[in-house]
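Starting off with a structure, shown below.
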Amino acid sequence: MIMIEFLYLFLFRALSGAQNGFGYAKKSVYRVITSGLMVAVLAGSLFCWLQSAPESYWKAGTVILVIISIVGTIGVEDSFNPNYQILPKDIHLWEMLATGGITLAWMALGGNLISIAASIYPGLILHKGFINLGSGQKWWYAGTDDRTGKTFSIPLLNIKVPRLGTMGRISIAVASVMAMIINTSLHWRITVQDVIAWVL
C-alpha cells in the first residue's frame, strides 16, 4: 500500500504536467488523450474506492475530493481547448484542484501521510519539466508566468502563490525519495485518522 500511494500520486502529478505541456505545445490530440486518461484513472479509482471504503463521512469526503480533481482536470483541458469554453480560463487554478483534490482524497481514504507527502516534490519535478518542454524551454527552466519563478498567478482569485526555486525543489525531491526508501523498509504508517485520534 505504501508504494501504491506514492506511485499513484507521483504518476498522476507527472500526467498533469504532460497535460499542460501538450497544451502549451499545441499538441491537441495528445493533450485530449492525456486529459481523458487522467479522468479515467480518477473515475476508476473512485469506483474501486466506493466498493471497498467503509461507510462514513470519510468516504463522502473522498467522493467529493475526487470529483473536485475531475473538475480540475477538465478545467485544464477546457482552458487549452478552443472548441468549448465551459469553465473560466485559469490553468493554474484548475491544475491545483486536479492534483490537490486527488492528494486530499488519498488522505481522506486513510492513506499513509508519509507516502503522500513524499510523492509531491518528485512528481513536481516531472510536472514542471514536461511543462517546460511543451513551452519550448529547457527542462530545468524555473520561470512561470513570473519569469523569476518565485511565484505563479491564479487570475480568478487575483493572487500570486509563492514557490520554491529549482534547487529547493530538487533538494526536497531527493529527501522525499530517501524517506520513501527508508519507510519501505521500516513500514511506518500514519494517517489523518490517526492524527485526529491522537489529538482528541
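Taking the full set of protein chains and a 1.4 angstrom probe, give the accessible area of LYS160 in square angstrom, rounded to the nearest 10.
Answer for LYS160: close to 130 Å² accessible.
Oh, and also: Can you grab the distance from the C-alpha centre of the range 159-186 to the C-alpha centre of the range 67-94, Å, no decimals?
27
Treating cross-link reach as a plain straight distance, find the aspartates and glutamates whose alpha-carbon is under 19 Å from the alpha-carbon of LYS59, omitting any fewer than eight places away in the same chain.
GLU5, ASP194
Could you give each residue of the range 30-42 its phi-based ³J(HN,Hα) in whole Hz, using Karplus coefficients 6.51, -1.76, 1.60 with θ = phi - 60°, and x for Gly or Pro?
Per residue, the Karplus-derived 3J(HN,Hα) values read 5, 5, 4, 4, 5, 4, x, 4, 4, 5, 5, 4, 5 Hz.
Can you give me the accessible area per residue for the range 3-199, using a 1.4 Å probe, in Å²?
Per-residue accessible area for the range 3-199 comes out at 52 Å².
With Cβ to Cβ distances under 11 Å as the rule, what net charge do the other residues near GLY72 carry (K, R +1; D, E -1)?
-4
Something else: For the chain, what is Rg from Cα atoms divided by 2.2 N^0.38 Å, rounded to two decimals?
Scaled against compact globular proteins, the figure is 1.04.
If you place +1 on the Cβ of every Lys and Arg, -1 on the Cβ of every Asp and Glu, and leave all else neutral, what size is the dipole of the range 109-177 about its Cα centre, to the nearest 20 Debye?
160
Continuing with the same structure: Over the chain, what is the relative contact order in percent, taking alpha-carbon pairs closer than 8 angstrom and at least six residues apart?
In percent, rounded to a whole number, it is 26.
Per residue, how much space in cubic angstrom lies within the convex hull of the C-alpha atoms of the range 1-105?
Spread over its residues, the Cα hull of the range 1-105 gives 93 Å³ apiece.
Same structure again: Ordering MET96, MET107 by accessible area with a probe of 1.4 Å, largest first, what comes out?
Correct descending sequence by accessible area is MET96, MET107.
Another question, if that's okay. Roll a 1.4 angstrom probe over the protein heavy atoms and tell me the percent of accessible area of the chain that is carbon or sulfur.
72
Ignoring everything but the protein chains, give the 1.4 Å probe accessible area of MET167 in square angstrom, nearest 10.
Rounded to the nearest 10, that gives 130 Å².
To continue, here is another question. Step through the residues of the range 100-113 one at a time and calculate ³J(HN,Hα) from phi using the Karplus curve (6.51 cos²θ - 1.76 cosθ + 1.60, θ = phi - 60°), rounding each to whole Hz and writing x for Gly and Pro.
x, x, 6, 5, 5, 4, 4, 5, 5, 6, x, x, 5, 4
The values are calculated or read from the model by the stated rules, or taken from the named source; none is laboratory data. None of these values were measured; they are calculated from a predicted model. Because the Cβ atoms are built from the backbone with ideal geometry, glycine has one as well, and the counts that use them run over all protein chains shown. Surface areas here come from the heavy atoms of the whole protein model, side chains and all, with no ligands, DNA or RNA. Shrake-Rupley method; radii C 1.70, N 1.55, O 1.52, S 1.80 Å.
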